[in-house]
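Engineer: Please read through the structure below; I'll follow up with questions.
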Amino acid sequence: MASRRSAEKTPPKEVAAPSSSGKKVSDSDVTPAVPTNVIMKLAFFSVAMIFVPIGMYFVTVNVGGTSATVGGIVAAIMANVVLVAYIFVAWKDDQAEREAEQKQKEKKAQ
Amino acid sequence: MADSEFSPKFAPFFSFAGIASAMIFGSLGAAYGTAKSGIGIAGVGTFRPDLIMKSLIPVVMSGIIAVYGLVISVLIAGDLDPPPNKYMSLYTGFMHLAAGLSVGLAGVAAGYTIGIVGDAGVRAYMQQSRVYVGMILILIFGEVLGLYGLIVGLILNSKSSG
């Protein structure tokens, strides 16, 4: 997540993010603590976790016309699909962030 | 077919007990997993807010435990009907109770594992990023405990509904 607070808020210095705007600490930071795309992702996965498994159960039983057991299996599988999707998105997000950090470091080195 | 030796009046009681125990115990496990790993995530978030998204995985897994309880509860409830329409055998009632209890108590086991592993795992991940894959694997193996309970519950339930 690119939700780093400004350096003054993170207490221990060894883990404080090396922000490029470290000189202008006194300026008020008006960017939101959590970016919108992160909130959208979390909201999407919350809604998916609530509605997808139980919704797929009713779809398979009422529309597909299969037995309730098959519906239960489908619901369990869908819950795990949402989990795998979440792990994938979190992993992807981390990768993008690391690449951005690498680029910044390279720029500083030049 | 009215009341008989095999389908007494109190047979549905055990079905309802199965529904309640699946939902109550499943939610209990999910609540413990969410709360305990939430403590760890809050601790990590104060130092490394950028890791919160990846640290939320134990919370999502705890949610799945509750979904398992919900699924088996809906399945058992689908089998039930009030007496004039259906006289349930005591055998079916006990089977529903077994299905509910196996899902619910397996959910408690899985939620307990996810809570403790999630708490310790995200704290370790804050200091050493290579812990992540191991943490995910341990969490998946913990979560599978709940899935086993669901599989047994589904098999039991399919026997009762024929």
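Engineer: Please state which one of B:S102, B:S62 is closer than 22 Å to A:F88 by Cβ and crowded, with 22+ Cβ neighbours inside 10 Å. Let's see the steps before the verdict.
Structural biologist: On the way: B:S102 fails: closer than 22 Å to A:F88 by Cβ.
So the residue among B:S102, B:S62 that is closer than 22 Å to A:F88 by Cβ and crowded, with 22+ Cβ neighbours inside 10 Å is B:S62.
Engineer: Conditions first: (1) without any contact (Cβ under 8 Å) to a residue 24 or more places away in the chain; (2) crowded, with 18+ Cβ neighbours inside 10 Å. B:R130 passes all but one, so which condition is the exception?
Structural biologist: Only one criterion in (1) without any contact (Cβ under 8 Å) to a residue 24 or more places away in the chain; (2) crowded, with 18+ Cβ neighbours inside 10 Å is unmet by B:R130, namely (2).
Engineer: Another question about this same structure. I'm trying to understand the selection: among the residues of region A:29-78, which are out of contact with any helix residue (DSSP H, G or I) (no Cβ under 7 Å at 6 or more places or on another chain) and touching a residue at least 40 places away in the same chain (Cβ under 8 Å)?
Structural biologist: Passing the criteria: none in range.
Engineer: Which of the residues spanning region B:43-58 are within 11 Å of chain A (Cβ to nearest Cβ) and either over 18 Å from B:A31 (Cα atoms) or surrounded by fewer than 18 Cβ atoms within 10 Å (Cβ to Cβ) (or both)?
Structural biologist: B:V44, B:G45, B:T46, B:F47, B:R48, B:P49, B:D50, B:L51, B:I52, B:M53, B:K54
Engineer: Inspect region B:2-13 for any residue being among the hydrophobic types (A, V, I, L, M, F, W, C), part of a helix (DSSP H, G or I) and crowded, with 23+ Cβ neighbours inside 10 Å and give the result as yes or no. Talk me through it step by step, then tell me what you get.
Structural biologist: Kept after step one, since they are among the hydrophobic types (A, V, I, L, M, F, W, C), are these residues of region B:2-13: B:2, B:6, B:10-11, B:13.
Now narrow it down to the ones that are part of a helix (DSSP H, G or I): B:11, B:13.
Narrowing the set further to residues that are crowded, with 23+ Cβ neighbours inside 10 Å leaves none.
Checking region B:2-13: not a single residue is among the hydrophobic types (A, V, I, L, M, F, W, C), part of a helix (DSSP H, G or I) and crowded, with 23+ Cβ neighbours inside 10 Å.
Engineer: Continuing with the same structure: So for region B:31-48 (the condition being over 20 Å from A:N80 (Cα atoms), assigned to a loop (DSSP other than H, G, I, E, B) and not small (G, A, S)), does at least one residue qualify? Don't jump to the end; show me each part of the working.
Structural biologist: Within region B:31-48, the subset over 20 Å from A:N80 (Cα atoms) is B:35-36, B:38-48.
Add one more test, that the residue is assigned to a loop (DSSP other than H, G, I, E, B), and what stays is B:48.
From what's left, not small (G, A, S): B:48.
Yes; the residues of region B:31-48 include at least one that is over 20 Å from A:N80 (Cα atoms), assigned to a loop (DSSP other than H, G, I, E, B) and not small (G, A, S).
Engineer: Of the residues in region B:113-151, how many are within 12 Å of another protein chain (Cβ to nearest Cβ) and within 21 Å of the chain's Cα centre (by Cα)?
Structural biologist: Total meeting the criteria: 14.
Engineer: Of A:A79, A:A90, which residue is modelled with pLDDT of 75 or more and in contact with a Pro (Cβ under 9 Å, 6 or more places away or on another chain)? Walk me through how you get there before you give the answer.
Structural biologist: On the way: A:A90 fails: in contact with a Pro (Cβ under 9 Å, 6 or more places away or on another chain).
None of the others qualify; the one that does is A:A79.
Engineer: Next up: Would you check which residues across region B:59-96 are outside any helix (DSSP H, G or I) and either basic (K, R) or away from every other protein chain (no Cβ under 14 Å) (or both) and list them? So that I can check it myself, show each step before the final result.
Structural biologist: Pass one, region B:59-96, residues outside any helix (DSSP H, G or I): B:80-89.
Of everything in region B:59-96, those that are outside any helix (DSSP H, G or I) and either basic (K, R) or away from every other protein chain (no Cβ under 14 Å) (or both) turn out to be B:P82, B:P83, B:P84, B:N85, B:K86, B:Y87, B:M88, B:S89.
Engineer: Separate question: I'd like to know if region B:97-119 contains one or more residues that are of a type in the set (D, E) and not in a helix (DSSP H, G or I).
Structural biologist: Within region B:97-119, not a single residue is of a type in the set (D, E) and not in a helix (DSSP H, G or I).
Engineer: Now a separate question. Looking at B:A35 and the list (1) surrounded by fewer than 20 Cβ atoms within 10 Å (Cβ to Cβ); (2) farther than 14 Å from B:T113 by Cα, which single condition is not satisfied?
Structural biologist: Unmet condition: (2).
For every residue, the table says whether it meets (1) touching a Ser or Thr at 6+ places or on another chain (Cβ under 9 Å); (2) more than 11 Å from chain B (Cβ to nearest Cβ).
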| residue | (1), (2) |
| --- | --- |
| A:V61 | yes, no |
| A:A68 | yes, no |
| A:V74 | yes, no |
| A:V81 | no, no |
| A:K92 | no, no |
| A:E97 | no, no |
| A:E101 | no, no |
| A:K105 | no, yes |
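The values are calculated or read from the model by the stated rules, or taken from the named source; none is laboratory data. The structure displayed is predicted, hence computed values, not measured ones. As a convention, Cβ positions derive from the backbone with ideal geometry for all residues, glycine included, and neighbour counts pool all protein chains shown.
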